[in-house]
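Participant: Below you'll find the structure I mean.
The values are calculated or read from the model by the stated rules, or taken from the named source; none is laboratory data. As the structure is a prediction and not an experimental result, all values here were calculated from the model. Quick reminder, even Gly has a Cβ in these numbers, built from the backbone with ideal geometry, and neighbours come from all protein chains shown. Remember, those area values only see protein heavy atoms, side chains included, never the ligands or the DNA or RNA. Shrake-Rupley method; radii C 1.70, N 1.55, O 1.52, S 1.80 Å.
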Amino acid sequence: MAGKLLANLIVIGSTYLARGLIEGYRKALANAKHSGVAQETLQNVRNASKGMTEQEARQILGASVESSWEDVLQKYNTLFENNAKVGSFYLQSKVHRAKESLEMVYRRKDGETAG
């Protein structure tokens, strides 16, 4: 009997706690919308998702503006393989993102010269 009463108290208490948390979250969202925090956060996410600049990618890979795509790939392969052996996942991902960024640049350049 006491176990059943205790179980009911736990269920009722957790129900009230969950309702309170949900209501608090709703109020926090409403306050964020009114103060502009939500818009600022969305803007920061959009800016971060644009990727890295060409200059940053060249700096990471050590490639100049005059470097050919083959040079970029060679530098990428060297850095990526060296990092795979003793480096960190963060650095390896930066090297990979730099290659992806420059790949788009070189594709655009090839499209401009072909067109």
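Participant: For a Förster distance of 22 Å, can you work out the FRET efficiency between the beta-carbons of E66 and T113, rounded to the nearest 0.05?
Facilitator: E between E66 and T113, to the nearest 0.05, is 0.90.
Participant: Within the accessible area of the chain, what % is carbon and sulfur when the probe is 1.4 Å and the other protein chains stay in place?
Facilitator: Summing carbon and sulfur atoms, their accessible area is 59 percent of the total for the chain.
Participant: How much accessible area per residue does the stretch 70-111 have, counting only protein heavy atoms and a probe of 1.4 Å, in square angstrom?
Facilitator: Averaged over the residues of the stretch 70-111, the accessible area is 70 Å².
Participant: Okay, next question. When the chain is modelled as a GNM with alpha-carbon springs shorter than 10 Å, which of L29, L21, L61 fluctuates the most?
Facilitator: L21
Participant: Quick one: P(r) of the chain from all Cα-Cα pairs, 10 Å bins, percents rounded to integers, in order of increasing distance.
Facilitator: Result, from short to long distances: 11, 23, 17, 14, 15, 11, 6, 2, 0 percent.
Participant: Using a Gaussian network model of the chain with C-alpha springs under 10 Å, which one of E23, E100, E81 is most mobile by mean-square fluctuation?
Facilitator: Residue with maximal mean-square fluctuation among E23, E100, E81: E23.
Participant: Same structure, new question: Which whole-Hz couplings ³J(HN,Hα) result when phi for each residue of the stretch 62-68 is put into the Karplus expression 6.51 cos²θ - 1.76 cosθ + 1.60, θ = phi - 60°, listed in order with x for Gly and Pro?
Facilitator: Ordered by residue, 3J(HN,Hα) equals x, 9, 8, 5, 7, 4, 7 Hz.
Participant: What's the lysine pair count for the chain at a Cα cut-off below 29 Å, pairs eight or more apart or interchain?
Facilitator: 13
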